[in-house]
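Working notes for the structure below.
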Amino acid sequence: MHPVTRTLLWIGGALIVIGLLWPVIGRFFGRLPGDIVVDKPNVKIYFPIVTCLVISVVGSLILFLIQQFRK
């Protein structure tokens with residue numbers, strides 16, 4: 001199987017799993033301490049700073065592990 005095909009299949013499978021687990025994942029992400037919410041009358045602004053950091057660290061760790069197992 002071509003490497004690009006295999007990669008696309010893995011990405012598609014990961015998206016399906018994330019989509020199925022989203023109701024559980026959504027309870028935690030977006031409501032972490034450090035996420036900034038400005039709630040005023042008629043305006044709500046949301047800055048998910050800590051959530052973005054957590055997603056970045058987890059994604060980097062997963063990509064690092066994949067790279068290590070390919071060697």
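Okay, here's what the table says:
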| quantity | calculated |
| --- | --- |
| Some residue of the range 32-40 being of a type in the set (D, E) and in contact with a Phe, Trp or Tyr (Cβ under 8 Å, 6 or more places away or on another chain) | yes |
| Hits in the range 1-59 (condition: farther than 21 Å from R70 by Cα, in a helix (DSSP H, G or I), open to solvent by less than 100 Å² (accessible area, probe 1.4 Å) and of a type outside the set (G, A, S)) | V17, I18, L21, P23, V24, I25, I49, V50, T51, C52, V54, I55 |
| Neighbours by Cβ (under 8 Å, 6+ apart or cross-chain): first from the range 16-29, at pLDDT 80 or above; second part of a helix (DSSP H, G or I) | I18/I25 |
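The values are calculated or read from the model by the stated rules, or taken from the named source; none is laboratory data. Quick caveat: nothing in here was measured; it's all calculated off a predicted structure. Every residue, glycine as well, gets a Cβ built from its backbone with ideal geometry; the counts of neighbours run over all protein chains shown. Heads up: the accessible areas ignore ligands, DNA and RNA and are worked out on the full protein's heavy atoms, side chains in. Shrake-Rupley method; radii C 1.70, N 1.55, O 1.52, S 1.80 Å.
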